[in-house]
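What follows draws every value from the coordinates through simple rules; no lab data is involved. In this text, all values refer to a predicted model and were calculated from it rather than measured experimentally. Please note: Cβ atoms are built from the backbone with ideal geometry, for glycine as well, and neighbour counts cover all protein chains shown.
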Amino acid sequence: MPVQVAAHAGFCMGVRRAVEMAEKAVQDGVPSCTLGDLIHNPAVVADLEAKGLKSVRSAEEAEGRRVLIRSHGVARRVMEELQAAGNEILDLTCPFVSRMHRIVEEASRNGMPVILVGEQEHPEVRGTAGWALGEVYYVAAPEEAERLPETEHAAAVCQTTYPPEKWDAVLSVLKRRIRQLDAFCTICSATEIRQKEAAELASRADAMIVVGGRNSANTRKLFDICAGRCGRTILVESAAEIPPAFANTDSEMIGITAGASTPTDSLKEVVTRMSDMENKDLTPTAEEENHNDFMAEVESTLVRIRPGQTLTGKVVQITDEEVCVSIGYKADGLIKRADLVDQDVKLDDEIEVEVVKVNDGEGNVLLSQRNIVNRKAWDALMEKNEAGEYVEAVGKEAVKGGLIADIGGVRAFVPASQLSQRYVEKIADFVGKPMKLKIIEVDKQKKRVVASRKTVVAEEAAAKKKEAWEKLEEGIVIHGIVRRLTDFGAFVDVGGVDGLIHITDLSWGRIKHPSEVVKPNQEVDVKVLSLDREKERIQLGYKQLQPHPWDQAAEKYPEGAIVDGKVVRITDFGAFVELEPGLDGLVHISQCATTRVAKVEDAVKVGEEVKVKVLGVDPEKKRISLSIRQVLEPEVPAAAEEEAAPVSEAEYEVVASDDQVAEKFAEAVEEVVEAAAEEKAGEKTEE
C-alpha cells in the first residue's frame, strides 16, 4: 500500500504568514483578538484561542484590544471603524487578497462596475466587495454570467481559490456580455498549482485523502477535484476520521493532499497514520520481541524520493567533477560541479538540492542545485506577475524581432515594438542596460516569458502626469525645464506635464522669438496663470516673476535726464522710443527736431538709436514724455513751440487700435501738447 503526498499540500504562503504572525502576537503580551476566524481550520482556531487569541464578530466586541485582520481580509468600512474606535490593527490579509482590494478600488474609482467571480457569501468575496466604490455584481458560475446586463465597460476579478478552468469558462461569457472588459485573474498561484497536483495525483491513485477544515472553500474545491477523478475520496479534518478499513489491499496506492489552511501537524498526522497502516499490512506475524526491530527496519526504508523533490543533505565527499551528498536515502546523491550554485562547498556542509533522477542506471541519485535556483527565480517571477508588479531586468542579447532580457535568472523576450514608445532603430543599444519590465505573456509549461518596457514607461508617465496635475493650482510658482520652443511660445515640463509660456508672457518687452529669452533644457521658475483640466492645458507666465520696468521708471529716468533709446514705432503725432524692454516713451512731433517737420519720418527712422531728454514720468498712468529737440538744442526759441499741433482724438483712436503699446501712451500725447501750450502762455505773459 504505497502512500504518495502531493508536493504542494498544507499551508500556503498567505495562511502561513497569518498564523506565524498571530502566534508572535500571542507571545508579546498585548491583549489581542481576531476579527472572525483567522483561517478556515477549526484546529488552528482552537489552538489560538487556547493561547488567549480569541475571535470576535464585530468591531464593538474588540473593546480597545489589538485586532488581527484575518487572511481573507475585510471591507474598507471595517478597517475605518476599528481605527475610529482606537484599535491597533495588525493586518494579516493575504497579499493576493490585498491585490484584489486594490484592483477593485481603482476600477470603481474610475467609474467601472465590478464583477466578483466566486462564492458571494465567502468572507474573502464579501471583504473584497467592501472596497468597491460603486456597483458590484456577483458571479459563481458561467450561467450566472449569462444573466448579467450588457455593459459598456467593467472590471472582473475572481476569488483567489476559484478553479482556473471555471474562471476561463466565466471569462468567455463575460467577454460576450461586456464590450470593454478589464479582466484580472486573481487566483493564487499556489492554489492553481495545488489543484493541478491534486487532479494529477487523484487520477493515478486508488484512493484519495483530502485533509482540511470542512468550512474551508479551497479544501472543498480540492475534494471536488479529487472526487471527480477518484471514486474513493474522503475529506478529513484529522487522522482520527480515517476509516479503519480505508486501505483495502497492499497494492493500492493512496494519495494525500491538503488545503491551504491545513497545518503541517495535521497533514503529518494523517501521513503517519497511513504509513502505520502500510507497515501493519507489510509486517508478517512475528514474536513480540522482534516487533520493535522490524518497525525500526521498516522506518529506515520509509524515506522516499522522486524527481523534482527538494531535499537538504550533507556533503560527504568532494571530487574535482562532482560532490557526493547524503540525503537519507538508501543511496547517496551525486551533484555535478556545473550544477552547484556555491562552488566553495566543504565537507559536512548542509546544502539544498533537487532530485533530478532517482536512478541514473548505476544506482546513483542525480542531484542539482541550479534547478532550485531557477525554480525559485521562476516562482518569484510568477508571484510578481500575479501581483501585477514590475520586474527589474538587464538587456542581454539583441535578436531578430526584439531583445532577450534577464530577469533575476529567467530569460524573457521583449519584442521590438514593446521596447519604447518610439521606433527603436538599434535594439543593441539596450544590451547591458538595466530596465523595468512588465510581464505581458507567460507560457508556464515551456517557461517562456514575454515582457514589455513600453508599458512600464507609459504607466509611469501616466502616474507621474496624474501626480503632477494633483499638485497644480492657479497662481502658484513652480520650477520647470524648457523642453522645446515654437514661434508662439515655449513649452515647459513642470513635473511630468508640459505647460505653455506664450510669447507675450515671456518678456515685458517686444520679442520676435522665445529664443531671445529662454533656451531648451534651461531651468526656470514660472507662474501658473490658468488651468484647463479637461483639455489638459496649462498656461504659464515667465515675465510675471520678473520686475516690471515701470516699477522703477521714475528712479531710473528722472525728469531732465538725457538717456539713450531706440525708435520702435512712428505715428502721425510722434515717435515711440524704447528705453529698455517693456518701457517706451513718446517723443511728440514737435520735439523730434530743432526745426518744424511735416512728418516724423523726416526727423527719425524706426530702428534708429537716439538720445532723448526726459520731460516727465507718470508711473501710475505709465507715461514718459521725451524730447530729441532739447538734447540737440537745449535753448529753443519760444516761437518754435507754436509749431506744435495737438493730436486729435480721432487720430489717437486709429493709432490705439493698431497697437496696444500706443494705448499705454495715449494720454502722453495730451501732456506734451498741454506742456507746449503752457510754455507758450508763459512767454506771452513775460512780453
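Once you list every other residue whose beta carbon is under 15 Å from the beta carbon of GLY127, what net charge do they have if Lys and Arg are +1 and Asp and Glu are -1?
It works out to a net charge of -1.
Would you kindly state how much longer the chain becomes between PHE488 and GLN180 on full extension, computed as 0.36 nm times their sequence separation minus their alpha carbon distance, in nm to one decimal?
Working it through step by step, the gained length comes to 106.8 nm.
Where the only charges are on Cβ atoms (+1 Lys, Arg; -1 Asp, Glu), what is the dipole of the range 43-195 about its Cα centre, to the nearest 20 debye?
In debye, rounded to 20, the range 43-195 gives about 200.
Straight-line reach from LYS512: which lysines have a Cα under 19 Å away, not including same-chain ones fewer than 8 places off?
Leaving aside lysines fewer than 8 places away in the same chain, those within reach of LYS512 are LYS543, LYS566.
From the convex hull of the Cα coordinates of the range 355-492, what is the mean projected area in square nanometres?
Average projection, Cα convex hull of the range 355-492: 13.1 nm².
So who's got an amide H within less than 5 Å of the one on ALA258, skipping anything under 5 residues away but keeping other chains? H placed 1.01 Å off N, in plane.
GLY10, VAL211
Taking the Cα atoms only, what angle lies between the long axis of helix 288-300 and the longest principal axis of the chain, rounded to 10 degrees?
30
Express in whole angstrom the spacing between the alpha-carbon centres of the range 15-65 and the range 601-622.
If you average the Cα positions of each part, the centres end up 87 Å apart.
Quick check: the distance between the Cα centres of the range 132-211 and the range 502-564, to the nearest angstrom?
Between the Cα centres of the range 132-211 and the range 502-564 lies a distance of 61 Å.
Using a 10 Å cut-off around each Cβ, can you sort THR219, THR262 from fewest to most neighbouring Cβ atoms?
THR219, THR262
From the convex hull of the Cα coordinates of the range 310-368, what is the mean projected area in square nanometres?
Over every viewing direction, the Cα hull of the range 310-368 projects on average to 3.6 nm².
For ALA338 and ALA377, what does the FRET efficiency come to when R0 = 25 Å and r is the distance between their Cβ atoms, rounded to the nearest 0.05?
About 0.90, to the nearest 0.05.
What distance in nm separates the two pseudo spin-label positions at LYS466 and ARG65, each 7 Å out from Cα along the beta-carbon direction?
3.9
Return the subset of LYS336/LYS384; LYS166/LYS384; LYS396/LYS444; LYS336/LYS357; LYS384/LYS465 for which the Cα-Cα distance in this structure is over 20 Å, preserving the input order.
The pairs that break the limit, which is 20 Å between Cα atoms, are LYS336/LYS384; LYS166/LYS384; LYS396/LYS444; LYS384/LYS465.
Compute, for the chain, the length of the dipole vector about the Cα centre, with Cβ point charges of +1 (Lys, Arg) and -1 (Asp, Glu) only. Units Debye, rounded to 20.
2740
Please state, rounded to one decimal and in Å, the Kirkwood hydrodynamic radius that the chain gives when every pair of distinct Cα atoms enters the mean of 1/r.
33.6
Below 8 Å between Cα atoms, with a sequence gap of 6+, how large is the relative contact order for the chain in percent?
Relative contact order, the chain: 6 percent.
Please find the FRET efficiency linking GLN27 to ASP265, where r is the Cβ-Cβ separation and R0 is fixed at 22 Å, and quote it to the nearest 0.05.
0.75
Between SER515 and LYS566, what length comes free when the chain is fully extended (0.36 nm per residue of separation minus the Cα-Cα distance, one decimal in nm)?
Here the segment from SER515 to LYS566 would lengthen by 16.2 nm.
In a Debye calculation with equal point scatterers on the alpha-carbon sites of the range 1-117 and no solvent, what is log10 I(q)/I(0) at q = 0.09, 0.19 Å⁻¹?
Treating every Cα as an identical point scatterer, log10 I(q)/I(0) equals -0.30, -1.02.
Compute the angle between helix 13-27 and the longest alpha-carbon principal axis of the chain, please, reported from 0 to 90 degrees and rounded to the nearest 10.
Taking Cα atoms only, the helix is inclined about 90 degrees.
Using the charge dipole of the chain (Lys, Arg: +1 at Cβ; Asp, Glu: -1 at Cβ; taken about the Cα centre), state which of GLN630, LEU381, LEU531 has its Cα farthest towards the positive end.
Sorting the options by dipole projection puts first LEU381.
Out of all DSSP beta bridges in the chain, what portion is antiparallel? Express it as a percent rounded to 5.
Here the antiparallel bridges make up roughly 65 percent for the chain.
Using just the Cα positions, wrap the range 95-187 in a convex hull and report its mean projected area in square nanometres, one decimal place.
Average projection, Cα convex hull of the range 95-187: 5.0 nm².
Residue farthest toward the positive end of the dipole of the range 96-252, with Cβ of Lys/Arg at +1 and Asp/Glu at -1: which of MET112, MET100, PRO142?
Farthest towards the positive pole: MET112.
In terms of modelled amide H atoms, which long-range or inter-chain residues lie less than 5 Å from the amide H of LEU403?
Long-range HN contacts for LEU403: VAL414, ALA416.
Shape of the range 394-458 from its Cα gyration tensor (a ≥ b ≥ c, root eigenvalues): rounded if a/c is under 1.5, otherwise prolate when a/b > b/c, or oblate?
Prolate.
Pairs LYS24/LYS54; LYS535/LYS622; LYS51/LYS221; LYS433/LYS466; LYS346/LYS436: which are spaced more than 26 Å apart, C-alpha to C-alpha?
Listed pairs above 26 Å: LYS535/LYS622; LYS51/LYS221; LYS433/LYS466; LYS346/LYS436.
Please give the net charge around LYS384, taking every other residue with its beta carbon less than 12 angstrom from that of LYS384, where Lys and Arg add +1 and Asp and Glu add -1.
So the environment of LYS384 carries a net charge of -2.
Could you list which residues have their amide H under 5 Å from that of VAL410, counting only those 5 or more apart in sequence or on another chain, with H placed in the peptide plane?
none
What number comes out for the charge environment of SER71, summing +1 per Lys or Arg and -1 per Asp or Glu over other residues with Cβ under 9 Å away?
Spelling it out: positives minus negatives among the neighbours equals +1.
Fewest Cβ neighbours within 10 Å first, please rank GLU200, GLU192, GLU555 accordingly.
Ascending number of Cβ neighbours within 10 Å: GLU555, GLU200, GLU192.
For the range 518-579, count all C-alpha to C-alpha pairs, find those more than 14 Å apart, and express that count as a whole percent of the total.
Here the long-distance tail beyond 14 Å is 76 percent of all Cα pairs in the range 518-579.
Kindly rank 159-165, 446-452 from highest to lowest mean number of other beta carbons found within 10 Å of each residue.
The packing order, highest mean first, is 159-165, 446-452.
With +1 assigned to the C-beta of every Lys and Arg and -1 to the C-beta of every Asp and Glu, and no other charges, what is the dipole magnitude of the range 19-59 about the Cα centre in debye, to the nearest 20?
Magnitude of the dipole: close to 140 debye.
When only alpha-carbon atoms are used, what values of Rg and Dmax, in angstrom, describe the range 472-545?
Gyration radius and largest Cα-Cα distance of the range 472-545: 11.1, 32 Å.
Grab the beta carbon distance between LYS611 and HIS479, set R0 = 41 Å, and tell me the FRET efficiency rounded to 0.05.
Calculated value: 0.50.
Would you work out which of LEU222, LEU35, VAL449 lies farthest towards the positive end of the dipole of the chain, given +1 charges on the beta-carbon of Lys and Arg and -1 on that of Asp and Glu, about the Cα centre?
LEU222
If I stretch the segment between LYS535 and TYR423 completely, what's the gain in nm (0.36 nm per residue apart, minus their alpha carbon distance), one decimal?
Between LYS535 and TYR423, full extension yields 37.6 nm more.
What ranking of ILE476, ILE318, ILE39, ILE305 emerges when the number of other C-beta atoms within 10 Å of each C-beta is taken as an exposure proxy, fewest first?
Lowest count first: ILE476, ILE318, ILE305, ILE39.
May I ask you to order 334-341, 543-550, 351-358 by the average number of other C-beta atoms within 10 Å around their residues, highest value first?
351-358, 334-341, 543-550
Angle check, please: helix 264-282 long axis (alpha carbons) against the longest principal axis of the chain (alpha carbons), in degrees 0 to 90, nearest 10.
Roughly 30 degrees between the two axes.
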